[in-house]
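The values are calculated or read from the model by the stated rules, or taken from the named source; none is laboratory data. Keep in mind that this is a model prediction, so the values were computed, not measured. Cβ coordinates were reconstructed from backbone atoms using ideal geometry, including for glycine residues, and neighbour counts include every protein chain displayed. Please note that ligands, DNA and RNA were not included when accessible areas were found on the heavy atoms of the full protein model with its side chains. Shrake-Rupley method; radii C 1.70, N 1.55, O 1.52, S 1.80 Å.
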Amino acid sequence: MRFVIIGAGRVGLRTARVLREEDHDVTLVERDRDRVARARADGFDVVEGDGSHEHVLEAADVATADALGALTSDLNANFAACMIGKHHGCRTILRIDEDYREEIYRKYAAEVDEIVYPERLGAIVAKNALLGGSIQAIADVAQNLQVLLITVTEASPMRGYSIEEVELPAQTRLLAFGKADEPMRVPLPDDSLEEGDRVAVLADYEVLDDVRQLLVGERVPATAGGE
Amino acid sequence: MVVAYIMVKANTGEADRLKGDISAIDGVTRAHIVAGDFDLVARVEADTTAEIKDIVATNLQSIAGVEDTQTYIAMD
């Protein structure tokens with residue numbers, strides 16, 4: 001696929017690298033001369049100019065792009081770029097600068113297909129690093145839904161059971177399973193859970209503690225009215 | 001009569017509620033949710049600039065979820 005990325009800073013350039021690694025065609029748009037030079041030295045096709053201007057995005061051939069990522073730290077420029085991108089038929093991705101704005105742009109910005117708040121993902125990674133251990137939050141799917149990657153430990157109550165036998169709390173789905181030394185795959189009912197195996201689980205925030213208790217066996221603080 | 005445009009920076013995603021609360025203020029003739037560094041723009045009408053200041057400082061800024069405002073007095 002072909003992408004136009006506005007902003008060759010820490011978010012835009014990194015995104016461009018990931019896309020290139022997956023063999024996609026990326027054109028960067030950047031107005032800062034030093035950043036332009038850096039991205040070109042990195043082998044990228046870069047259009048120098050302000051990505052909130054139509055003639056600049058036309059120079060980046062926005063009309064033939066499948067999607068446009070407006071990933072600068074300037075919200076106004078990002079929004080303008082999305083409006084132009086939408087006009088040219090692109091899918092548009094807007095980087096926001098404050099998390100409360102996610103709701104506003106989802107609801108009102110018809111020119112924007114997806115919203116990215118990089119700090120949210122950064123916080124998840126930092127939290128995982130701080131907590132360490134056998135439970136990792138992979139993504140917040142929605143405000144109340146999280147995908148967790150859980151490693152079966154010696155203390156896991158479910159260790160030794162098959163997937164069929166494990167009764168997960170309501171509002172939870174088992175998404176994927178991987179033996180200790182194998183890649184993740186679709187879980188089968190008779191897969192047995194041994195130490196070091198991993199399961200990916202989609203869970204509602206309300207039942208996260210139950211999931212943790214069942215799969216990891218950590219003691220969790222008693223909730224008011226709990227048993 | 002004095003007309004002013006007030007740029008409102010929010011700190012909440014409840015844009016609808018903010019728009020409703022701002023629109024309900026005496027003197028506010030229009031309010032829009034906008035994209036960019038500010039989240040809403042309100043148009044205010046009053047007899048004097050002192051009244052505009054009162055409307056903004058007393059009523060608008062006391063709404064929960066309003067973080068900051070900037071007032072532009074129309075000159076034409």
List the residues, sorted by chain then number, that are 5 or more residues from A:A176 or on another chain and whose placed amide H is less than 5 Å from its amide H.
A:A200
For A:D113 and A:M1 in the same chain, what is the full-extension length gain: residue separation times 0.36 nm, less their Cα-Cα distance, in nm?
38.6 nm
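For segment B:2-73, what is the accessible area per residue in Å² when the probe is 1.4 Å?
Values: 3460 Å² over 72 residues.
Dividing the accessible area of segment B:2-73 by its residue count gives 48 Å².
If you place +1 on the Cβ of every Lys and Arg and -1 on the Cβ of every Asp and Glu, how big does the dipole about the Cα centre of segment A:2-116 come out, in debye to the nearest 20? Please report the intermediate quantities before stating the final value.
Details: 16 positive and 24 negative charges, 29 e Å.
Roughly 140 debye, rounded to the nearest 20.
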How big is the accessible area of A:S162 in square angstrom, nearest 10, if you roll a 1.4 angstrom probe over the protein chains?
20 Å²
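Roughly how large is the B-A contact in terms of buried accessible area, totalled over both chains, probe 1.4 Å, nearest 100 Å²?
On the way: alone 4530 and 13030 Å², together 16510 Å².
Chains B and A together bury approximately 1100 Å².
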Give me the dipole magnitude in Debye, nearest 20, for the protein assembly as shown about the Cα centre, with unit charges on the beta carbon: positive for Lys and Arg, negative for Asp and Glu.
540 debye
On the principal axes of its Cα set, how long, how wide and how thick is chain A? Give whole Å, largest value first.
62, 40, 30
Using a 1.4 Å probe on the protein heavy atoms, what percent of the accessible area of segment A:1-107 belongs to carbon and sulfur?
46 percent
Averaged over its residues, how many other protein chain Cβ atoms are within 10 Å of peptide A:97-109's Cβ atoms?
5
Report, by chain and number, residues whose modeled amide H sits under 5 Å from the one on A:Y161, excluding near sequence neighbours (fewer than 5 apart, same chain).
A:L193
Work out the FRET efficiency for A:S162 and A:L130 from their Cβ-Cβ distance, taking R0 = 35 Å, and round it to the nearest 0.05.
0.60
Would you work out which of A:L188, A:L75, A:L145 lies farthest towards the positive end of the dipole of the protein assembly as shown? Charges go on Cβ: Lys and Arg +1, Asp and Glu -1.
A:L75
Lys/Arg Cβ at +1, Asp/Glu Cβ at -1, dipole of segment B:2-73 taken about the Cα centre: which of B:A42, B:I63, B:I25 is farthest positive-ward?
B:A42
Backbone HN-Hα couplings from phi across segment B:35-49 [Karplus 6.51/-1.76/1.60, Hz, Gly and Pro as x]:
8, x, 4, 9, 9, 9, 10, 10, 9, 10, 10, 7, 6, 9, 5
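For an R0 of 35 angstrom, estimate the FRET efficiency from the Cβ-Cβ distance between A:A59 and B:A74 and round to the nearest 0.05. Each step should come with its number before you reach the end.
Numbers: r = 37 Å, r/R0 = 1.07.
E(calc), rounded to 0.05, equals 0.40.
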I need the phi-derived Karplus couplings for segment A:70-78: 6.51 cos²θ - 1.76 cosθ + 1.60, θ = phi - 60°, integer Hz, Gly and Pro marked x.
8, 10, 6, 8, 9, 4, 4, 5, 4
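Per-residue ellipticity at 222 nm for chain B, helices alone: DSSP H runs ≥ 4 residues times -39500 (n - 2.57), over residue total, nearest 500 deg cm²/dmol? Write out the running numbers ahead of the final one.
Working: 2 runs with 15 residues, N = 76.
When only DSSP H runs of four or more count, the value is -5000 deg cm²/dmol.
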Could you work out how far apart the two model spin labels at B:A64 and A:A176 are, taking each label as a point 7 Å from the Cα in the direction of the beta carbon, and quote it in nm?
4.1 nm
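Please report, largest first and rounded to whole Å, the three semi-axes of the ellipsoid equivalent to segment A:1-41, where each semi-axis is the square root of five times an eigenvalue of the C-alpha gyration tensor. It would help to have the intermediate numbers written out before the result.
Working: eigenvalues 58, 17, 14 Å².
Gyration-tensor ellipsoid for segment A:1-41: 17, 9, 9 Å.
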May I ask for log10 I(q)/I(0) of chain B at q = 0.13, 0.22 Å⁻¹, from a Debye sum over the Cα atoms as equal point scatterers with solvent left out?
-0.31, -0.91
Any chance you could look up the accessible area of A:L202 with a 1.4 Å probe, heavy atoms only, rounded to 10 Å²?
40 Å²
Taking segment A:123-215 as the region of interest, what is the percent of Cα-Cα pairs per 10 angstrom bin, listed from the shortest bin to the one with the maximum distance?
17, 53, 28, 2
Label A:A37 and A:A139 with points 7 Å out from Cα along Cα→Cβ: what is the distance between them in nm?
3.8 nm
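Going through segment A:1-56, which GluC sites (Glu not before Pro) have at most 16 other Cβ atoms within 10 Å and a DSSP loop state? Show your work: numbers first, answer last.
Numbers: sites: A:E21, A:E22, A:E30, A:E48, A:E54; in loops: A:E22.
Those satisfying the criteria are A:E22.
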Over 24 Å between alpha carbons, listed pairs A:K107/B:K53; A:K127/B:K19; A:K107/A:K127; A:K86/A:K107; B:K9/B:K53
A:K107/B:K53; A:K127/B:K19; A:K107/A:K127
Taking R0 as 22 Å, what FRET efficiency do you get between A:L188 and A:E21 from their Cβ-Cβ distance, rounded to the nearest 0.05?
0.10
